[in-house]
Each structure stands twice: as C-alpha cells, then as structure tokens.
Amino acid sequence: MDAAGILQILIYIAVIAALTPLLGGYMAKVYEGQARFLGPVERGLYKVCGVDTAREQHWTGYTLSLLAFNLAGWALLFGIQRLQGWLPLNPAEMAAVPPDLAFNTAISFMTNTNWQSYGGESTLSYLTQMVGLTVQNFVSAATGMAVVVALIRGFASASARTIGNFYVDLVRSTLYILLPLSFVAALFLVWQGMPQNFDTYTAATTLEGANQVIAQGPVASQVAIKQIGSNGGGFFNVNSSHPFENPTPLSNIVEMTFLLMLAAALTNTFGRMVKDQRQGWAIFAAMGLMLVIGLGVTYWSEVQANPAMVAAGMDGTLGNMEGKEVRFGIANSTIWATATTAASNGSVNSMHDSFMPLGGMLPMINMLLGEVIFGGVGAGLYGMLIFVVVAVFIAGLMVGRTPEYLGKKIESKEVKLAMLAVLIFPVGVLGLGAASLLGMPGAIQDGGPHGLSEVLYGFTSATANNGSAFAGWTANNLVNNTLLGFAMLLGRFVVIIPVLAIAGAVAAKKSVPPSAGTFPTHGWLFVVLLVGVILVVGGLTFFPVLALGPIVEHLMLGAHTLF
Amino acid sequence: MSIHRPKELSLFDGAILGQAAKDAVVKLDPRQLIKNPVMFATGLVAVLSTALTLRDAGGEHFAVMVQISAWLWFTVLFANFAEAIAEGRGKAQAAALRGSKSSAVAKKVASVDARDHQTLAAEKLKAGDLVACEAGDVIPGDGDVVAGIATVDESAITGESAPVIRESGGDRCAVTGGTRVVSDRIVIRITTNPGESFLDRMIALVEGAKRQKTPNEIALTILLVGMSLIFLIVVGTLPAWASYSGTTIPMVFLIALFVTLIPTTIGGLLSAIGIAGMDRLVKFNVIAKSGRSVEAAGDIDVLLLDKTGTITLGARQAAEFIPLSNVNERDLAEAAFLSSLADETPEGKSIVALAKSRFGLSEPKSGGTMTFIPFSAHTRMSGVDVNGTEIRKGASDSITTYVAEKAGRTPGGVPKELVQSVERVAKAGGTPLVVARGDRLLGVIHLKDIIKPGIRERFATLRAMGIKTVMVTGDNPLTAAAIAAEAGVDDFLAEATPEKKLELIRDTQMGGRLVAMCGDGSNDAPALAQADVGVAMNTGTQAAREAGNMVDLDSDPTKLIEIVMIGKQLLMSRGSLTTFSIANDVAKYFAIIPALFLASYPQLQALNVMNLASPQSAILSAIIFNALIIIALIPLALKGVKYKPASAEKLLRRNLLVYGVGGLAVPFIGIKVIDVLVAALGLA
C-alpha cells in the first residue's frame, strides 16, 4: 500500500460523491417530466408507439409491459445472432452463433448482465454488436432505471393506484440520460484513441516478424454505454484491459467513474423524489461504506506478494501483478475490480482469476451481498431498498412500533415480497451452481478450492447480473450456457417482479407523518444497521461455500500450495 | 362469592411447570406444530434424524447421532414448553375470571313485566334474551339493564369491593356476566351470544388456544420462514459443493447444521411472547378483544383524553372568593355559604368548606325559613331563599340576567368589574360562579380544576415515546387552554361534543396517524369504534364497551399509557429475540463449518476460533446450545424485554447492543462451555 495508491482511491471516491448530487438532481428532473429539450423526439416516439403518456399503470400493467418489452428484445437479439451470417456489416464473415450460446447471450444482454461466454471479436459481426448488443445495453439499463423509479414513486406517493408508465420511464431514461451521456463519453473515448469504424480487421506484421490480425470496429460507441449502463460486455474478449477498449490512464479513470456514476447518483434522485435528500445520502453512505471496506481489503490483499512466488525466489515488492495490466498497476486494478463487481457492471481491466484468494473473494462478495453496493443502474438501488425493507422491519420491531419506511407501513405483504427477492441469490448461486458442479464437472480446469471459486464466481456473476468472470472455467457449453441463462433470468426478473409488487403495495398505502416514536432512517445508526443486515444475510448464506473456496485457498497459500 | 383476583404468579410456579411439561409433549401433535413453521421444520428434521440413527445403529457416528437426535427433540419440546408455560399462566388468570361464570343460573323472563321465569344455564343464553336478577343472583351474561335499579358487586372482575349502581337508561346500564346483584331487582337484556362475551374472548386470548396471529406476528413469521428457506438451500446444496472438495458430509451433521441455523430461538418463543403480552394486560386489569388491538396500541401517535376524571380530579374545588369592589368579601362568602349548604355536589361542598375555613362561618341556628332551589339545566343556577331574600349562584350570564330582571332593568350592562373577574378566573383555567343576593351582584367564586398529581410527568413520558396528547373538554377554549398548559398536554379540543370528537379522530387518522381514546358514555361509542384503540371504561355503557376494543376493569383512563407500553414491549420482545436468534448463527458457523470439512481441508482448523475439542463435539455443542438457549430465554419472553420510554433511536441503539452484539458474543461463550463439558464427560 503506497500513498499514491491510497490517494487514487480517495480521489476516485471524491469524484463519485461530487457527481452524485449533480446527476441525481438532473435525473429527478427527467423523471418528474421537467427535462424537455428533446420534446419533439420524445413526443414523436410516443406517437409512433401509441403510448398514452397521461395513462399511468397499475403495478401489474407496468410489470407486463416491462416483461413484454424485454421478451421482444430477447427475441430480436436471438434472431440477429442466428442470422448474422446473412445480414450486412459482417466484414469478418462471422457465421451464425450456435443456439445455446445465442440463447445465453440474448439473455445476458437483455438482463443487463453482459456475461460473455464468447469472444466478441471472434464470434460477432459488427451488426450484432451494434444493433443487437448496444441497443440492449441501452434498454436493459433503462429497464432497471424504470423499475427503481416506479419503486421510488411508490414510496413518494400516498394512496395511489398507479406507479407510473413503463414506456415513458423507459423512453426518458434512454433519451435524456443514457444517450446524451454515452454520446459525449464516446466522443471523449475516440479522442483518447479508441477506434470507431466499420473497417475490416487489419493484418499486421509485428517487429518480431509474426503476423497479427488487429481487430477493430465501432468500439467507442459500445464501450461508452457498457460502462455507463452497468452492462460490462466488452467489444473485445479481454474487455477494458485491451488497449483499444481502454487506451490511456485518463480513459481508465473516466471509465472507472462511469462504472458507479449513475448508480450512485440514483440514490440522490431517490432522496429528491421522496422529498428528503437525507434518505438518499443514508443509502449512499451504506453503499459507500461497503465499497470502501471492500476496496481496502482487496487493495491490501493485492499489494501482498504471493508467498509461494516469493519462496520460489521472485521479487515480491511489486505485490501481486499476475493478470494485471502494467499500465494500470495494483491501485487502479483493484479500484476497477471493486467498482465493477459492486456496480453489477462486469467490465474488467485486470483478470480477477489471478487475484490473491482474498483479493478475488472480495469482488465475489460484492456481488454475493445482492449486488447492492451501488449495483447496476436502477437494479442496485431497488436491490438495496429490498434490504431496507428487511432492516426497517427488524428495526421497527426493536423499537416497538409497526415498522415504517418513508411514512409507509411495512407489513407482511412487503416482507413476503422482500424475502422472495432475497431468496433468489441462494437459489441462483448455490442451487444452479451445485447443478453445474454435478452436471458439468469437466468444465473446471484448475483443481482444488480455486476451481470451486471459478464455478462460484460464474454463477454469482450471472445471478447478480454482473457479467465478469474468473477465467479457467468453461462456460460455453450446453449445460453451463443454459444454467447461467436461467441464473441471469432469475436474478433479473424474479427480483424485478417482487420489487414492482412492493412499489404497487406501498403506493396504495397512506403516508404516515414521522413522530418521535418513528425510527429515523437517515442517521448513522440506520446506515450501520442496514449494512449489518446485508452482511449478516449474505454472510450466513455464503459462508460455507466461501470457506470451501477462497478462504481455504488463502489458508493453503500460506503453506505455499497453489492451484 | 369470594373475590377472585388474578394474583401475581411467580415466574416458575410449580403447578404450571408440571402441567406445561405434560403439554409440551401433547403439543408434538403435527396438527398443532404446523402453526409454527420453524418448529414444524425442526420436528420433521428430528423425525428424519431419529430414523437415520436407527438405520445406522452401531455405525461410526452412532453415539453422536443418538445425542443429536435427542437434542433435536428437546429443541421442539423446549419450544412447546415455553408456549405451554405462557398458556398455563394465562389459564391461571382466566380460571379466576371463569370460575364465577360457569355456575351461574339464569332466570329467563318473557317480557320486562313478566313475574314468572324459566330457569336455565347461563351458557344457554342468546343475545336478546331477557333475564331477571334479584338480590344475591349472579348476573348470567353481559347485557344492558332495561328495567329497575340495583346495586351490583363487581369485585369479581374489578377487584373494587364497593358495590356500584346499575340502572336502566343512561350511562350506567351495562352489567357484566359474573358480577352479583346485591340489592333490588333488575331486568337485563343479554347482548352477547354464548362464548362471545368479552370475558370469553379474553380467556381465549390468554389461554392461547384460539389465539389469532397478529399482523406483525404474521409478517415476522414470514421473515423467519424466508430465513429458514435460505438455510434449507444452503444446507441442501452443500453436499454438491462439498463433494467437489472431496468431502462427504454425514446426513445427520447436515441436519444439525440446518437446525442450528434456522431461527429456532425466536421461532420457539414467538407464541409465548404473544400470550405473555396478553397476560401482562390482564394483570393491569385491562381486557383486550384481540391481540391486534394490543399491537396497534404500540403504534399510537395521538392519545385523546377526557379532561374530567382523567387529567383533572372529577370535581372542581372552590379556591377563592372575588367580591366586587363595593362588597365585603365576608358577605360574598356568607351568601355563597348559605346557597351551598344544601348543595350535595362536590363543588357545593367545597364552597362550604372554603367559607368555613376562611371566615369560620357556621350553619345558621334553626329559625327562619330556608328554601333551597336546586340547580336546573333550564335556569343554570341554584340557590336558597332565606327569609324571603333570594341568594343565587350560577353561570355569569344567567345570574346577570336574573339580577337585571329583579331590578326591573333590561338585561345587559353587566358591570365591567364583574366581567374582568369572570375572565380572570376563566383564563386561569377555572370556572367562575357568580353570586347575587336579591338584585345585587356580590362577586365571583373561583372554582378550580384540580390537576391530578403526577399527570404532568406521565404526559412528559408519552411525549418521549412520541405520542401526542390531546385533552378533550366541554370547557370554553380559554379555560381549556389554561388547564392544558397546566397539565402539560400537547393540544386540546374545547367545547367538545361527541360529533366534534369523532371528527377530530377522523381528521387525525386521515393524516395517517393512529388514535387511541377512552370513553364511557353511549355517545362515546362512535368515537370508540372509530379510534384505532378504543378503551371503554368498565363503568360505562354496554354500547361503549362493545364499540371499544379494550375494556378497562378499573375504569382508569390514564391506563392507556400502560396499554401503549405493553403493546410496544410486545413488539420489542419479538424484534430483539429475532435479532438475537439470527446473530447467534455466526458463532454456530464457526463451530460447525470447520468441523464438517476438517477431514478434507485440515487448514480450516484456523476457523475453529473457539478451539473446540473435536468435530463431533463441536456439532453436538452447537446443537445443545441451540436447544438450551430456548429454555434460558423463557423468562425474558414471559416478562418482555426491558422498556423505558425513550426516543426510537435510543431504543434501537440499546437493543442492537444488547441483543445484536450480545447475540453475536453469547454463543461463542456458550458453545465453548458446553464443548468443555461434552469433552470432559466423554460424550463425543
């Protein structure tokens, strides 16, 4: 740990905190219909699609619209992949994507996961990347934002039957937030040297005389939204450690800022929309606290040298540089690894598989806690609010009052729905992971606890809709493509449906004004309680498998045993 | 009939414990057990574990398996035992209440005037039946007096030995089954069907048999079931993850892990907590019609309290004579004294007392005629005619009008001085009584409301709990404001009528707040029904008692404060034990996980922070701790967690420290101690 590394971490956190109220305030304006600079485009879209903006939806209608829209997006992406061989913009002459991979990839991008069982430059045509993946990058992020806005409205309104109009929320998220930000971001990245073209791959001869095919294409436009929309699906297989996907130190810090920017700002949007910004900052603090703890442990773990390597005579002063870009070093790799797993993004600039056992466990824990440490845009906040429901319920009982949050009573219905959403993680990670271990044991290349970590990471990433991976585990086969596909669907929609049901339930409730008997949910005590509940639920659920994976690997590493 | 008062039971009464031990076994009946999902799961697992133990008789882990199975059964039995103790204590309370009821015989009459009656058992009476009760009869059921007047001994339910008057019409017409007529004869219309009287309902609540789960209890049960499902997935998938790691976990160890993780502590004590809450209420002589209303009491934001009898002593007292400037104070006192001699009201008596103490006045010798004029609602004054001189006292406007008429003037033109005196009294929260002799105004008597001692502190307590108090009074706003300030209430409703009261409750509820009130008169019934918590006074009408959701046998309106505290304590006990139960799991993991995987990964010994003797001993100790902690916490479940009124934040901080941090630490110590014993005794 050196001063420069710690300073970079502090600067990073300061930048995120500074952007939060700015972007948060803007987004609140967008969702309250006060941003109108694209009015004609917006109205035109509603007209073409036949959306009646005045008609707000009941939570069931909202959910059905969302599911129908996502199903259509999935079908479109699946079709494009299967037909890409016949479609234009395919200079590398990519053939149709196999059905199980196309199934997995379509789910992956629809659910904002961007798990990549494939290598982008060797599998997909430019059309698939642009019209297929990039479009889903936008709308999957917008879907998450729509859900959280509906939930916020539920808490903010009193005795309301409706929670907003899905299509309006979707269009506004895309038009006023994601598109303008991505446009500016893409221009910036092009300036930093990122390709944005439709050229065929360039064949080059290296200085050593070897032949190399240099992949390129419309990179900047996809990278901008993949970072901003917590998507993470890289244009290239090695994602943002590829020089074309992350050309300079400046592009690196900017791309890292994009990772958490919107998710963090949504906490402020939440505070503004419920008319109490302190509530938003409390959530921000809870997320920030967990981020800082995770960042600290990961950084500490990575600056340690691998004791087995030191024993073999290597110089340990640099720390664990295996799998890290020398351009970025340990501090920037750990910030990225922590932020990308906290944010449900999944883009990487280093290989998490090569982290120290504990350094690799922390990104996994970031996801296992429910992907609520800022989390995906929208998804992180609604996931966090699920835990808030549980925390508030327990706190309410402990102070002797029927629990309430933001003036809404938390009763058996909300608890039931919240617990349903909480149950998804153990089902997706432990259940489907166990199925994969039994059904496809040969997919694991490395033996021992590290192999178990790889499978665990895979299903964690899929259920958390993150998309990053530990290498060394073969996901691209029928069993794993299918199981991971279901993990992503579970982690997305079986959480979204209860969340929207909660939105509908709380919207219908009367709003109770706070009194001295009400437990305040904006103080440090609540932040600590919330973090405690998240850690305890996550810890109790995943301690046994973590013990069998990274923890025992760490203990064995002490005896110089490697996997 | 003797007085059956619920007496303070010791926490571990021998007879109750004996019966509870038996009931604990009876409660193993799956039909009963399924009401408690966590314990039902534990029971199922105990069956499974027993079967596995029998199958593997004599096998490698046989000795440990026998013990684990036994402790699983104990876990369920301990939980049943906790519930049975709570029920037993409730039954002991209820038995006294019920004792007087069962033997009653009813004299059913065909009509109010009928002289002959038909004798039948009290339980056979239906709502609408008319029964006659004479001196010595036990009233067979709840009802209204429709004819006659009688004194009734209600000590069986209130503990108050002085008989009370019950008469038809008015606010004193309600009678309660089980009480005894001391004199005269009354005819009662029964208002409840068999088994539905509020006593019956309360008995059911404290006995626990027909106890409905309250809304918060249901929500908590869902949370506990959710946690249990998570652990089911954790434990159910563990063999797959473990087999990759080359470990085969014996089924019985998995079972042990599952049971130690699911929230058996709170699951086992949940119903005991609920029953004990009801029980505490009965001890305070309050009868609740449902557990739901007790829970609602904990949520109350606004408390409506009648001024008279609740905030102030029922009667006002004369505090001062304020003569007009041309009148001698002694003259005023004498006139007031004479006019009040025959006045039996507490106010009248206090005027006499004040006059005696200030001027040593004594009752006039016989001789001369004294004709007393009683107070009437029409004239709004009372007085006396002494040898033809008319002395009157009453409300300011009635007396001034009266005096003007006497002097042959047109009403109006009240002396400014009198108006000032009257206002001064009103502003001080008193009631002014104007006194006149003949056509001459003498001055004003200041009748003062006496604030009950200690009431100010109680309101401060309520404020600390986040509850706003509103005083309801028929007084004018000036007087009301003065008394409100003196008593320390937050707000007041002056010139209140039943309609205004109802409106206030509705408005407050529209703002999302929960309202509690108490009342006794028939005209309070709509408001009692509208309030979220309506406490009817036992002395009140049957209509009021039916409309409220609680009845206070002592008819003490300030008891609302205790009711609120009991409601809060009930929720806090549940919340705190839930936190404790879940926090316990951390230590159990540190005991069991290394034990399970030590064979494959000896390095996991590092996680054995408690340094437990052996894997078997670790698992056994965890499960023994898990069972014993239920027993250890029974007293806490029955008494409720400590509650001192404080802000929500303070309460949470305290409870999180005690039950959250405590819940983390206690099992580390407990499991270690048990492990030492298990190892020393060679049990594993």
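I want to check the label-to-label distance for A:Leu438 and A:Met314. Put each point 7 Å from Cα in the C-beta direction and report it in nm to one decimal.
Label-label distance for A:Leu438 and A:Met314, simple model: 3.8 nm.
Could you tell me which helices of chain A pass both thresholds, a Cα extent of 27 Å or more along their own axis and a mean Kyte-Doolittle hydropathy of at least -1.0, with helices taken as whole DSSP H runs? Each step should come with its number before you reach the end.
Numbers: long enough: A:3-31 (41 Å, 1.65); A:59-83 (36 Å, 0.96); A:135-156 (31 Å, 1.45); A:249-273 (36 Å, 0.98); A:277-303 (38 Å, 0.88); A:379-398 (29 Å, 2.48); A:478-508 (45 Å, 1.95); A:524-546 (31 Å, 2.64).
Helices passing the filter in chain A: A:3-31, A:59-83, A:135-156, A:249-273, A:277-303, A:379-398, A:478-508, A:524-546.
Quick one: putting +1 on the C-beta of Lys and Arg, -1 on the C-beta of Asp and Glu, what dipole do you get for chain A around its Cα centre, in Debye to the nearest 20? Mind dumping the intermediate values first?
Numbers: 23 positive and 26 negative charges, 474 e Å.
Dipole about the Cα centre, nearest 20: 2280 debye.
Can you count the Lys pairs in chain A with C-alpha separation below 30 Å, eight or more apart or on different chains?
24
For segment A:78-102 and segment A:207-249, what is the separation of their C-alpha centers, rounded to whole Å?
20
Evaluate E = 1/(1 + (r/R0)^6) for A:Ile6 and B:Lys639, where r is the Cβ-Cβ distance and R0 equals 35 Å; express this FRET efficiency to the nearest 0.05.
Numbers: r = 51 Å, r/R0 = 1.46.
Computed FRET efficiency for A:Ile6 and B:Lys639 comes out at 0.10.
Any idea what % of Cα-Cα pairs in segment B:563-650 are farther than 17 Å? Before the final figure, lay out the partial values.
Values: 2251 of 3828 pairs.
When every Cα pair of segment B:563-650 is considered, 59 percent fall beyond 17 Å.
Place a label point 7 angstrom from the Cα of B:Gln32 along the Cα-to-Cβ direction, then list the residues of segment B:231-275 whose backbone nitrogen is under 14 Å away.
Under 14 Å, as judged by backbone N against the label point of B:Gln32, lie B:271-272 of segment B:231-275.
So, in nm, how far is label A:Ala92 from label A:Arg43 when the simple model puts each one 7 Å beyond its Cα toward the Cβ?
Calculated label separation equals 4.4 nm.
With +1 on each Lys and Arg Cβ and -1 on each Asp and Glu Cβ, and nothing else charged, work out how big the dipole of segment A:377-558 is about its Cα centre, in Debye to the nearest 20.
Working: 8 positive and 6 negative charges, 166 e Å.
Computed charge dipole of segment A:377-558: roughly 800 debye.
Using a 1.4 angstrom probe, figure out how much accessible area the protein assembly as shown has per residue, in square angstrom, rounded to the nearest whole.
Working: 44980 Å² over 1247 residues.
In whole numbers, the protein assembly as shown has 36 Å² accessible per residue.
Could you pull out every one of the lysines with an alpha carbon less than 30 Å from that of B:Lys107, ignoring same-chain neighbours closer than 8 positions?
B:Lys91, B:Lys124, B:Lys126, B:Lys289
Cα axis of helix B:37-55 to longest principal axis of chain B: angle in degrees, 0 to 90, nearest 10?
On a 0 to 90 degree scale, this one is about 20.
Can you list residues whose amide H is under 5 Å from B:Ile373's amide H, if they're 5+ apart or on another chain and H is modeled 1.01 Å from N?
So B:Ile373 has HN proximity to B:Gly383, B:Val384, B:Asp385.
Using only protein heavy atoms and a 1.4 Å probe, how much accessible area in total is buried between A and B, to the nearest 100 Å²? Working shown, then result.
On the way: alone 20900 and 29220 Å², together 44980 Å².
Roughly 5100 Å².
Just to be sure I understand the curve: with the Debye formula and one point per C-alpha of segment A:459-563, what is log10 I(q)/I(0) at q = 0.10, 0.11, 0.18 Å⁻¹?
-0.54, -0.64, -1.16
Scale the Cα Rg of segment A:377-558 by the rule-of-thumb value 2.2 N^0.38 Å and send over the ratio, two decimals. If you can, show how the numbers build up before the last one.
On the way: Rg = 19.2 Å, N = 182, 2.2 N^0.38 = 15.9 Å.
My calculation over the Cα atoms of segment A:377-558 gives 1.21.
Could you name the lysines whose alpha carbon sits less than 18 Å from that of B:Lys642, not counting residues in the same chain fewer than 8 places away?
Straight-distance partners of B:Lys642: B:Lys283, B:Lys568, B:Lys650.
Under a no-solvent Debye model with one identical scatterer per Cα of chain B, what's log10 I(q)/I(0) at q = 0.05, 0.09 Å⁻¹?
-0.37, -0.89
Give the long-range amide H neighbours of B:Gly443: residues separated by 5 or more places, or on another chain, with amide H under 5 Å away, using H modelled in the peptide plane at 1.01 Å from N.
Here B:Leu324, B:Val435 satisfy the definition.
Using heavy-atom solvent-accessible surface (probe 1.4 Å) with all chains present, what is the largest-first order of A:Val223, A:Val213? Mind dumping the intermediate values first?
Working: A:Val223 0, A:Val213 100 Å².
So the residues, ranked largest to smallest area, are A:Val213, A:Val223.
Before rounding to the nearest 500, sum -39500 (n - 2.57) across all DSSP H runs of length at least 4 in chain A and divide by the residue total; then give [θ] at 222 nm in deg cm²/dmol. Walk me through the numbers before you get to the answer.
Numbers: 21 runs with 334 residues, N = 563.
Value at 222 nm, helices only, nearest 500: -19500 deg cm²/dmol.
Using the beta-carbon distance between B:Val146 and A:Leu67 and R0 = 41 Å, what value does 1/(1 + (r/R0)^6) give for FRET efficiency, to the nearest 0.05?
Values: r = 64 Å, r/R0 = 1.56.
Result of the calculation: an efficiency of 0.05.
Working out 0.36 nm times the residue gap between B:Asn328 and B:Gln420, then minus their Cα-Cα distance, what length gain in nm do you get to one decimal? Please list the in-between numbers first.
Values: separation 92, 0.36 × 92 = 33.12 nm, distance 1.78 nm.
Computed gain between B:Asn328 and B:Gln420 is 31.3 nm.
Using unit Cβ charges (K, R positive; D, E negative) and no other charged atoms, how large, in debye to the nearest 20, is the dipole of chain B about its Cα centre? Write down the numbers at each step before the final one.
Details: 68 positive and 67 negative charges, 216 e Å.
Dipole magnitude for chain B comes out near 1040 debye.
Once Lys and Arg get +1 and Asp and Glu get -1 on their Cβ, which of B:Leu332, B:Pro194, B:Ile218 lies farthest toward the positive end of the dipole of chain B?
Value: B:Ile218.
Taking the Cα atoms of the protein assembly as shown, report the difference between the largest and smallest coordinate on each principal axis, in whole Å and largest first.
Between the extreme Cα coordinates on each principal axis of the protein assembly as shown lie 143, 81, 58 Å.
Residue by residue through segment B:232-242, what is 3J(HN,Hα) from phi via Karplus (6.51 cos²θ - 1.76 cosθ + 1.60, θ = phi - 60°)? Round to whole Hz and write x for glycine and proline.
Listing the rounded values in order: 5, 5, 4, 6, x, 8, 4, x, 5, 5, 6 Hz.
In whole Hz, with x marking every Gly and Pro, tabulate ³J(HN,Hα) for segment B:81-93 from phi via Karplus 6.51 cos²θ - 1.76 cosθ + 1.60, θ = phi - 60°.
Per-residue couplings from phi come out as 4, 4, 5, 5, 4, 4, 5, x, 5, x, 4, 4, 5 Hz.
Only helical DSSP H runs with n ≥ 4 go in: add -39500 (n - 2.57) per run for chain B, normalise by residue count and round the 222 nm mean residue ellipticity to 500 deg cm²/dmol. Each step should come with its number before you reach the end.
Numbers: 23 runs with 346 residues, N = 684.
So the calculated ellipticity at 222 nm is -16500 deg cm²/dmol.
Report the far tail of the P(r) of chain A, meaning the percent of Cα-Cα pairs longer than 31 Å.
Working: 70789 of 158203 pairs.
Tail of P(r) above 31 Å: 45 percent of Cα pairs.
Once each part is reduced to its C-alpha centroid, what is the distance from segment B:463-486 to segment B:379-405 in angstrom?
Here the two parts' Cα centres lie 32 Å apart.
Measure nothing fancy, just the Cα-based angle from helix B:498-510's long axis to the longest principal axis of chain B, in degrees from 0 to 90, nearest 10.
Helix B:498-510 and the main axis of chain B meet at about 30 degrees.
Roughly how many nanometres apart are two label points built 7 Å out from the Cα toward the Cβ at B:Ala665 and B:Thr248?
4.4
Within segment B:299-330, list the residues whose amide N lies under 19 Å from a label point set 7 Å along Cα→Cβ of B:Ala395.
B:307-308, B:316-317
Given a Förster distance of 41 Å, report the FRET efficiency between B:Ala127 and B:Val182 from their Cβ-Cβ distance, rounded to the nearest 0.05. Don't skip to the answer; put the middle values down first.
Values: r = 26 Å, r/R0 = 0.63.
Efficiency, from the Cβ-Cβ distance: 0.95.
Enter the angle in degrees (range 0 to 90, nearest 10) between the Cα long axis of helix B:662-681 and the first principal axis of the Cα atoms of chain B, meaning the one along which they spread out most.
Here the helix axis deviates by roughly 40 degrees.
Leaving ligands, DNA and RNA out of it, report the carbon-plus-sulfur percent of the accessible area of the protein assembly as shown at a 1.4 Å probe.
Working: 28060 of 44980 Å².
Result for the protein assembly as shown: 62 percent of the exposed heavy-atom area is carbon or sulfur.
The values are calculated or read from the model by the stated rules, or taken from the named source; none is laboratory data. The shown structure was predicted, so the numbers you read here are calculated from the model rather than taken from an experiment. Cβ sites come from the backbone with ideal geometry, for glycine too, and all protein chains shown count toward neighbours. In case anyone asks, the SASA skips ligands and DNA or RNA and just uses the protein heavy atoms, side chains included. Shrake-Rupley method; radii C 1.70, N 1.55, O 1.52, S 1.80 Å.
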